[in-house]
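A short worksheet on the structure shown next.
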Amino acid sequence: STPELQFFSSIDSCLKFSDWCLDIWWWTFLFLSFSIGLKFKKYGAAAVGLGLMLAACGIHTVYSFVTIMGTWIIIKISPKYSHCLTLGWTFSYLLFFHKFTSFKFPETTHLTKSVQLLLTLKVAEFIQVKEQEVTSNAIGVIPEIPGLPEILCYSYCYVGLMTGLFYRYRTYHDWLNQPNPSEIPTWKPLLYRLVMMPVFATTFLGVSYIWPPEFLQNVAFYEKGLYFRLFYMMPVSFVFRVRNYMTWYGAESACITAGLGAYPTWANSKPVLECIRLADVETGCVAYDYETIRNIDPYGTEFCIKVKDGIHCWNMTVQWWFYQYTYKNVSKCVPRGIRYAWTMAISAYWHGLRPGYYLSFLTIPLCLVAEEAMEDGLLRNLSPSGRIYANWTHRLLKMRAYDYVCVGFLLRSFEGTICYWRSVHYCVHVGAVSFLVVGKVMGHLDLYTVSQCFTGLSKQFTKSAYLPQQSGSPFYHLGRMEG
């Protein structure tokens with residue numbers, strides 16, 4: 001079997017095992033937490049997570065422990081420069097993890113990689129806690145800077161540990177200090193996700209059986225015609241998306257079961273971002289939602305119009321982290337295309353060192369700048385009816401760009417990715433460059449036309465104002481009246 005299928009099967013089996021264990025563990029220590037209190041909930045959740053990690057990752061658990069201890073030492077030794085030093089430490093250690101993790105240990109598993117990637121994002125969150133939430137009187141949610149026990153408990157909390165869902169320390173802190181956890185609803189939002197799981201699973205099995213992704217690596221695939229090769233990237237990408245829908249719905253379900261990320265609906269919470277603290281919520285009939293831990297919007301991913309909107313609907317909590325720590329840290333004087341490329345390059349590095357990641361992720365900025373150029377040069381000038389047809393075309397092209405990029409992400413190797421892209425004549429690259437050029441040209445033509453129009457009006461107005469005796473002047477009748 002191919003590495004992709006091994007990845008799918010290993011993650012799915014681990015998810016089944018972890019979900020079964022989490023159900024038992026959660027209901028057990030939920031009952032005990034009511035009687036024992038906050039400390040059991042805090043350390044119990046961390047103990048469950050650490051136990052699952054030791055069972056699933058074995059000796060590789062040491063990588064996560066080294067990451068945590070290194071971050072804690074940096075915060076203690078150099079709090080003033082901890083922001084840069086912590087990001088430098090975690091991403092440098094990630095290079096070691098990706099490249100040099102085979103000295104005397106067994107080969108790392110995909111599950112170990114998922115945990116390490118998520119932990120890299122988590123430990124950087126303590127910089128945000130230190131700089132914003134503890135020192136700011138306006139927020140004042142966390143009473144003190146987290147120490148080593150808090151860092152360990154947050155990092156190893158079982159909720160979302162193995163499924164790639166990121167949540168901030170503030171969300172975790174609010175979860176520990178929920179005033180009335182028994183009043184927070186879980187069944188209705190949980191059933192909403194569980195109902196979709198059989199649909200996703202059936203679709204995944206059916207489509208992957210008819211159009212297996214591993215056929216892309218078969219020599220017979222490239223003996224097929226161009227239209228077949230263009231078509232085949234659509235079901236392969238669809239299988240990849242549906243599998244992630246299942247994984248992230250499972251991660252959200254684990255958070256909902258635990259009550260993590262529940263905030264009142266009137267708070268208007270967004271993925272990762274909370275607008276209030278739960279200690280300020282009055283008891284009674286309060287409606288809650290779980291937008292804070294929402295990681296995927298399948299409908300938005302499939303049916304949104306723009307590439308940029310689709311990115312906002314996919315892996316939403318991780319997207320927030322990269323926007324916050326990479327995109328926003330680049331000066332606004334830098335062109336957006338370069339900021340897009342920088343963010344996508346860091347995201348590719350975070351995923352791994354496979355060339356296919358970089359080829360795929362760095363194709364997205366080209367699509368984004370082409371999309372913006374067409375919006376400025378053509379789309380905004382269309383009539384309402386013309387905009388409807390343009391939106392349908394835009395949506396179709398957006399999904400083909402996703403399919404094209406997804407193939408590179410799955411094949412991962414430079415040779416495999418380039419071989420496929422060459423077989424379809426680099427259609428997305430050629431199309432994006434063409435749209436970029438057309439959009440820029442039309443934008444300049446539009447600006448030139450508007451400039452000429454304003455220049456003509458200005459000349460006419462100036463001439464009329466200074467020669468009011470002429471019949472073409474707007475002051476002509478005024479002059480006759482005064483006469």
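Could you grab me the full set of residues in segment 217-233 that are touching a Lys or Arg at 6+ places or on another chain (Cβ under 9 Å) and crowded, with 16+ Cβ neighbours inside 10 Å?
Phe221, Leu230, Tyr232, Met233
Pairs needed: first member in segment 383-408, more than 20 Å from Ser434 (Cβ to Cβ); second member anywhere, basic (Lys, Arg) and in a helix (DSSP H, G or I); C-beta distance under 9 Å; at least 6 residues apart or different chains.
Within 9 Å, the pairs are Arg387/Arg380; Cys406/Arg241.
So how many residues does segment 337-370 have that are open to solvent by 20 Å² or more (accessible area, probe 1.4 Å), closer than 28 Å to Tyr389 by Cα and out of contact with any Pro (no Cβ under 9 Å at 6 or more places or on another chain)?
2
Looking at (1) in contact with a Ser or Thr (Cβ under 9 Å, 6 or more places away or on another chain); (2) open to solvent by 50 Å² or more (accessible area, probe 1.4 Å), which one does Lys80 not meet, given that it meets all the others?
Result: Lys80 fails condition (1) only.
Would a scan of segment 239-258 turn up a residue that is closer than 20 Å to Gly416 by Cα and touching a residue at least 60 places away in the same chain (Cβ under 8 Å)?
Scanning segment 239-258, I find at least one residue that is closer than 20 Å to Gly416 by Cα and touching a residue at least 60 places away in the same chain (Cβ under 8 Å), so the answer is yes.
Six or more apart or on different chains, Cβ under 7 Å: which pairs go from a residue in segment 186-200 that's in contact (Cβ under 8 Å) with a residue 40 or more places away in the chain to one that's surrounded by 13 or more Cβ atoms within 10 Å (Cβ to Cβ) and among the β-branched types (Val, Ile, Thr)? Could you list them?
Pairs found: Thr186/Ile256; Thr186/Thr257; Pro189/Ile256; Leu190/Ile256; Leu190/Thr257; Phe200/Val242.
If we scan segment 349-362, do we find a residue that is hydroxyl-bearing (Ser, Thr, Tyr) and farther than 27 Å from Val115 by Cα?
no
Given the conditions (1) surrounded by 22 or more Cβ atoms within 10 Å (Cβ to Cβ); (2) at pLDDT below 90; (3) not polar (S, T, N, Q), report the number of the one that Arg277 does not fulfil.
The number of the failed condition is (1).
Just to be sure I understand the filter: pairs with C-beta atoms under 9 Å, separated by 6 or more residues or on different chains, first member in segment 269-296 and closer than 22 Å to Val159 by Cα, second member open to solvent by 70 Å² or more (accessible area, probe 1.4 Å) and modelled with pLDDT under 75. Which pairs pass?
Sorted first by the residue in segment 269-296, then by its partner, the pairs are Ser269/Cys275.
If you go through segment 412-426, how many residues are open to solvent by less than 50 Å² (accessible area, probe 1.4 Å) and of a type in the set (D, E, K, R)?
1
Here is a check on your reading of the model: is Val159 crowded, with 19+ Cβ neighbours inside 10 Å, over 22 Å from the mean Cα position of the chain (by Cα) and either at pLDDT below 90 or within 21 Å of Trp72 (Cα to Cα) (or both)?
Criteria not met by Val159.
For (1) among the hydroxyl-bearing types (Ser, Thr, Tyr); (2) more than 20 Å from His173 (Cβ to Cβ); (3) modelled with pLDDT under 90, each residue gets a yes or a no:
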site	(1), (2), (3)
Gln6	no, yes, yes
Ile11	no, yes, yes
Thr28	yes, yes, yes
Phe31	no, yes, yes
Phe34	no, no, yes
Lys41	no, no, yes
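Given the condition modelled with pLDDT under 80, in contact with a helix residue (DSSP H, G or I) (Cβ under 6 Å, 6 or more places away or on another chain) and assigned to a helix (DSSP H, G or I), answer yes or no: does some residue in segment 108-121 qualify?
No, because not a single residue in segment 108-121 is modelled with pLDDT under 80, in contact with a helix residue (DSSP H, G or I) (Cβ under 6 Å, 6 or more places away or on another chain) and assigned to a helix (DSSP H, G or I).
The values are calculated or read from the model by the stated rules, or taken from the named source; none is laboratory data. Since we're looking at a predicted model, the values are computed, not measured. Note: ideal-geometry Cβ built from the backbone for every residue, glycine included; neighbour counts use all protein chains shown. Accessible surface areas use protein heavy atoms only, side chains included; no ligands, DNA or RNA. Shrake-Rupley method; radii C 1.70, N 1.55, O 1.52, S 1.80 Å.
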